[in-house]
Amino acid sequence: MKPIEKEPQTVFRIIDRATGQATGSYSRSCHDEYDFDSADDARTANCWGIFKDRTQYAIAKYRVTYTLLEDDVD
């Protein structure tokens, strides 16, 4: 029986324009958070507001999809 697949979702990521790399924001869970629910959540992820600088940081919108690779892995 094929497992129920999750529906595609949309996430937003902070992109450093200088490097083109995704930039994480420190989370209270003691790790960097990369995926946000909205562009505004991404821009305001840092308490000092550094991600509001539109010349240094872009916000990219991604669609996350789930693809079943194998249904029974040992």
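On the stretch given as the stretch 22-47, residues that are in a loop (DSSP other than H, G, I, E, B) and touching a residue at least 24 places away in the same chain (Cβ under 8 Å) total 4.
Yes/no per residue for (1) outside any strand (DSSP E or B); (2) under 13 Å from the mean Cα position of the chain (by Cα); (3) surrounded by 10 or more Cβ atoms within 10 Å (Cβ to Cβ); (4) among the hydroxyl-bearing types (S, T, Y):
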| site | (1), (2), (3), (4) |
| --- | --- |
| F12 | no, yes, yes, no |
| G20 | yes, no, no, no |
| F51 | yes, no, yes, no |
| Y62 | no, yes, yes, yes |
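Computed from the coordinates by the stated procedures, all read-outs in this text should not be read as laboratory data. Here the structure is a predicted model, which means the values were calculated and not measured. Because the Cβ atoms are built from the backbone with ideal geometry, glycine has one as well, and the counts that use them run over all protein chains shown.
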